[in-house]
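To start, the structure itself, in structure tokens.
The values are calculated or read from the model by the stated rules, or taken from the named source; none is laboratory data. What you see is a predicted model; the values in this text were computed from it and never measured. Cβ placement follows ideal geometry from the backbone for every residue including glycine, while neighbour counts extend to all protein chains displayed. What goes into the accessible areas is simple: the full protein's heavy atoms, side chains included, and nothing from ligands, DNA or RNA. Shrake-Rupley method; radii C 1.70, N 1.55, O 1.52, S 1.80 Å.
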Amino acid sequence: MGPNSLIYTFPLLSRSGVLERRIAEAAKEGDDDKCHIQISDFPGGDKTFELVVKFCYGVKLELTASNVVYLRCAAKHLEMTEEYGEGNLISQTGKFFNQVIFKSWKYSIKALQCCDEVLKYADEYNITKKCIESLSMRALADPNLSVEHGGPPMQSPRGSVLWNGISTGAKPKHTSLDWWYEDASTLSFALFKRLITLMDSRGIREDILAGSLTYYTRKYLPVLKRRHSGSSSKPLTSGSDHVLSEEEQKHLLEEIQELDLPCMQKGLFPTKFYVDMLIIAKILKASPNCIEKLEKRIGMQLDQAALEDLVMPSFSQTMETLYDVDSVQRILDQFLSKDQTMPSSSSSVEAGNLNGSTQSMTAVAKLVDGYLAEVAPDVNLKLQKFQDLAASVPEYARLLDDGLYRAIDIYLKHHPWLVETEREDLCRLFDCQKLSSEACTHAAQNERLPLRIIVQVLFIEQIQLKASLAGCFPVSGESTKGGWETAVRENQDLRVGMDRMRMRVCELEKECSNMRLEIEKIDKTAKDGSGSVSGRKTWENVSKKLGFGVKLKSLQMGSAQKGSD
């Protein structure tokens, strides 16, 4: 009620203990005929006070779900108990709550919405708590056993719904367990949090709670909803017509992130849900603590993520890269820091003994390799960041290095300015022995790879070929270990031979270059018509290098003999 002065008369005193005392105190200080008092911060404001006055003057008061909370708070505030008249406002509002509000989900929701406007008084008089308890009990009940979630419907033997004992022909509708999500989302987050917290303590299924929180979040963070549905629909509103501002959305997101419900610790939320929240947090410039916790949540269930979840755009002011590689690196580090039993070597992986932790790590390794291939075309992606992310995955987690090889090949293609040493360092990330036959074939012909890597790939191919041949044609009396040692020794000899061959090719190329110069000199001499003797000697030298010396000599001897004849 505003500061306006009001004149109170006998009907008000007879119904309210507070007004009786206030008017008595005012009368002592002023005129006995008129007493002026002021009542500020009245629950429900002027409209509620007007209803109270009408009630005191005997006007019939219609209680509804929209006004009973304000009237209940006002009655409590004014001490309108039975001591000040039978059927006073406290008792009437109490009966209405018990007989109408608490027996209906719809009315309980409406009453709880009204509590938000007079929350201080509603909490003080336990109205909020009782509304939440009523809603919690109805959400826990089987919705298929209630009409308007208020009581069991009467049914005919054939299963149709009865009205006054007459069959309507309608079949009872079966309601899903998420029937209450939309109604609960109309509450302010402070009340919604209290509702789902109480539901959790009462034992409602955690996946249902997770679904309700996801629904609420997507409703009030419209950017997240559009990312989820792929549509460009208008943002949903809070309440009836109020669109949340960016500041309000940021505050809501931070509050949701601070929730500590058990369902948020058990991987019941899709990883995409947390990723979308992380993206919005960066758009809205949420607190660093909020962003850090979201990255931690994603990291805790990274093995459940899809590749598209990780391909997040960069929101850095510098815009160095197209994608937020730093955030993915922190998320991966969080996953790797989880307390889980990891094998010390790849022996268990090779043997096929994959426990849960190893399977998760293998899934993450595949995910990271796919992510590296997605971000590799970014010309602004630094080599060090690419290497650090690739090297973060434990070696045993990659059963094959094909995915990593593909990502490195894409990076080399879009970063042609890398020097030879940088290319070699990058290629050391994958193990040639863990490439499939298809990948080896591709690598052996890949001009983007350093020559040293190509030689290694060829060497591995030779080892694999010899091993397969040894398996097809076993030598009698030779142990497996001995055969393997022999194959390794032979391949070492093969490597030495290949190195010698490469050196010989270089020497031949040099000799060919020198011979080309000699031939050019011969041509020049022939054109000048001089130096026939020296030209002949030069040609003989070239012929000897080409292996024609013996043949020329025999031809000359044959010509001389023919001349003598």
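List of remarks:
- In the range 429-440, the residues that are over 11 Å from Ile460 (Cβ atoms) and among the hydrophobic types (A, V, I, L, M, F, W, C) reach residues that are open to solvent by less than 40 Å² (accessible area, probe 1.4 Å) and outside any helix (DSSP H, G or I) with C-beta atoms within less than 8 angstrom, at least six apart or across chains, in these pairs: Phe430/Asp401.
- Arg448 vs. criteria touching a helix residue (DSSP H, G or I) at 6+ places or on another chain (Cβ under 8 Å), among the charged types (D, E, K, R) and in a loop (DSSP other than H, G, I, E, B): yes
- Test result for Lys130, without any contact (Cβ under 8 Å) to a residue 60 or more places away in the chain, closer than 16 Å to Arg194 by Cα and open to solvent by 40 Å² or more (accessible area, probe 1.4 Å): yes
- Restricting attention to the range 77-116, the residues that are surrounded by 16 or more Cβ atoms within 10 Å (Cβ to Cβ) and assigned to a helix (DSSP H, G or I) add up to 21.
- Here the range 244-267 is the region considered, the condition is being in a loop (DSSP other than H, G, I, E, B) and open to solvent by 20 Å² or more (accessible area, probe 1.4 Å), and the residue that is farthest from Ile204 (Cα to Cα) is Ser245.
- Test result for Leu162, modelled with pLDDT under 50 and not in a helix (DSSP H, G or I): yes
- All positions within the range 400-415 that are open to solvent by 10 Å² or more (accessible area, probe 1.4 Å), under 17 Å from Leu381 (Cβ atoms) and not basic (Lys, Arg): Asp409, Ile410, His414
- Some residue of the range 194-213 being buried (at least 17 other Cβ atoms within 10 Å of the Cβ), within 16 Å of the chain's Cα centre (by Cα), modelled with pLDDT of 90 or more and among the β-branched types (Val, Ile, Thr): no
- Hey, Leu61 within 16 Å of Leu78 (Cβ to Cβ) and at pLDDT below 80 or not: no
- Within the range 290-326, considering residues that are more than 19 Å from Lys385 (Cα to Cα) and either in a loop (DSSP other than H, G, I, E, B) or aromatic (Phe, Trp, Tyr) (or both), the one most open to solvent (accessible area, probe 1.4 Å): Ala306
- Filter result for Ala65 (closer than 16 Å to Leu187 by Cα and not in a helix (DSSP H, G or I)): yes
Listed here are the residues, each with its yes/no results for (1) modelled with pLDDT of 90 or more; (2) open to solvent by 20 Å² or more (accessible area, probe 1.4 Å); (3) within 24 Å of Val364 (Cβ to Cβ); (4) touching a strand residue (DSSP E or B) at 6+ places or on another chain (Cβ under 6 Å).
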| position | (1), (2), (3), (4) |
| --- | --- |
| Trp417 | yes, yes, no, no |
| Leu429 | yes, yes, yes, no |
| Ser437 | no, yes, no, no |
| Pro450 | no, no, no, no |
| Gln456 | no, yes, no, no |
